[in-house]
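One structure below.
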Amino acid sequence: MTVIIGIDVSKHSLDVYDSTQQKHLCFANTNGGIQSLISVCSNYENIKVIMESTGVYQRLAHKTLEMKGYQVCVVNPLKTRNFAKSAGFLAKTDKVDSRMLHVWARI
């Protein structure tokens, strides 16, 4: 079974939706925060990470996770926002966005 991790990326934080535990986690968008995220992810096998392109803010997480062997998909935020509207994710918060990315990746 594939574990899907949705990450809403901002300048200072990574808001994560963990599909196995169905809960939200938050990590700093720094090397240390990303290492903490990787330690959480190391509990699972076959992980797919999905995050929106933010210009520059997703680059560190993307590169680090890929170097650790995780499958990372960086997606167009316009497409995911259109999906969110059509699926009824009308609120625009980091927690909602991370869960929406998880749902989007499952389709």
Considering only region 71-81, state which residues are within 15 Å of Val16 (Cβ to Cβ) and surrounded by 19 or more Cβ atoms within 10 Å (Cβ to Cβ). Val72
When you check Glu45 against the structure, is it surrounded by 19 or more Cβ atoms within 10 Å (Cβ to Cβ), of a type in the set (D, E, K, R) and in contact (Cβ under 8 Å) with a residue 12 or more places away in the chain, yes or no? no
Looking at Leu101, is it under 12 Å from the mean Cα position of the chain (by Cα), within 20 Å of Thr2 (Cα to Cα) and modelled with pLDDT of 95 or more? no
Checked Ser98, Ser53 against criteria (surrounded by 14 or more Cβ atoms within 10 Å (Cβ to Cβ) and in contact with a helix residue (DSSP H, G or I) (Cβ under 7 Å, 6 or more places away or on another chain)); the one match is Ser53
Positions within region 52-103 being more than 20 Å from Cys26 (Cβ to Cβ) and in a helix (DSSP H, G or I), in sequence order: Lys63, Glu66, Met67, Leu78, Lys79, Arg81, Asn82, Phe83, Lys85, Ser86, Ala87
Give all pairs with beta carbons closer than 6 Å in which a residue from region 23-37 that is at negative phi meets a residue that is outside any strand (DSSP E or B); count only pairs at least 6 apart in sequence or on separate chains. His24/Lys95; Phe27/Gly33; Phe27/Ser36; Phe27/Leu37; Asn29/His12; Ile34/Ala61; Ile34/Thr64
Report yes if Gly69 is without any contact (Cβ under 8 Å) to a residue 12 or more places away in the chain and either within 17 Å of Ile4 (Cα to Cα) or aromatic (Phe, Trp, Tyr) (or both), otherwise no. yes
May I ask you to say which residue of Ala91, Ala61, Ala84 is over 19 Å from Thr2 (Cα atoms), more than 14 Å from the chain's Cα centre (by Cα) and surrounded by 16 or more Cβ atoms within 10 Å (Cβ to Cβ)? Ala84
Ile5 being surrounded by 14 or more Cβ atoms within 10 Å (Cβ to Cβ), free of Cβ contacts under 8 Å to residues at least 60 places away in the same chain and touching a Ser or Thr at 6+ places or on another chain (Cβ under 8 Å): no
Listed by first then second residue, the pairs whose first member lies in region 83-101 and is free of Cβ contacts under 8 Å to residues at least 40 places away in the same chain, whose partner is assigned to a loop (DSSP other than H, G, I, E, B), with beta carbons under 6 Å and at least 6 positions apart or on separate chains, are Val96/Phe89
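The values are calculated or read from the model by the stated rules, or taken from the named source; none is laboratory data. Note that the structure is predicted; figures quoted are calculated from it, not measured. Reconstructed Cβ throughout: ideal geometry from the backbone, glycine too, with neighbour counts over all protein chains shown.
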